[in-house]
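Take a look at the structure below.
No value in this document is a laboratory result; all are computed from the given coordinates. A quick note: this is a predicted structure, and the numbers were derived from the prediction, not measured. Because the Cβ atoms are built from the backbone with ideal geometry, glycine has one as well, and the counts that use them run over all protein chains shown.
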Amino acid sequence: MTPIPQPNNPLHGITLETILTYLVQQYGWAELSKRIPIRCFYNEPSIKSSLKFLRQTPWARKSVEDLYLNSIEK
């Protein structure tokens with residue numbers, strides 16, 4: 001069974017961990033918490049705790065994905 005290509009989905013094949021790691025490298029935790037004001041980005045931030053929160057909170061995940069898409073378009 002071969003995977004179905006998704007040419008209209010720019011996030012296809014990119015994990016949430018990859019997205020978050022890219023954003024942290026690009027902006028740092030301080031700037032990331034200013035752009036997306038959620039507690040897991042400014043109160044003892046870590047990839048692991050942020051991933052747990054983002055996987056359980058659809059609006060926060062969408063915000064992170066949108067920021068990622070905007071930052072790679074530049």
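Computed over the chain, the per-residue total of -39500 (n - 2.57) for DSSP H runs of n ≥ 4 gives a 222 nm mean residue ellipticity of -21000 deg cm²/dmol, rounded to 500. If R0 equals 30 Å, the separation of the Cβ atoms of E73 and Y42 corresponds to a calculated FRET efficiency of about 0.70. Against the chain, whose longest principal axis is taken from its Cα atoms, helix 58-73 shows a tilt of about 80°. Compared with the dominant principal axis of the Cα atoms in the chain, helix 16-35 is inclined by about 30°. Summary of the geometry: the stretch 18-41 and the stretch 51-74, compared by the centres of their Cα atoms, lie 10 Å apart.
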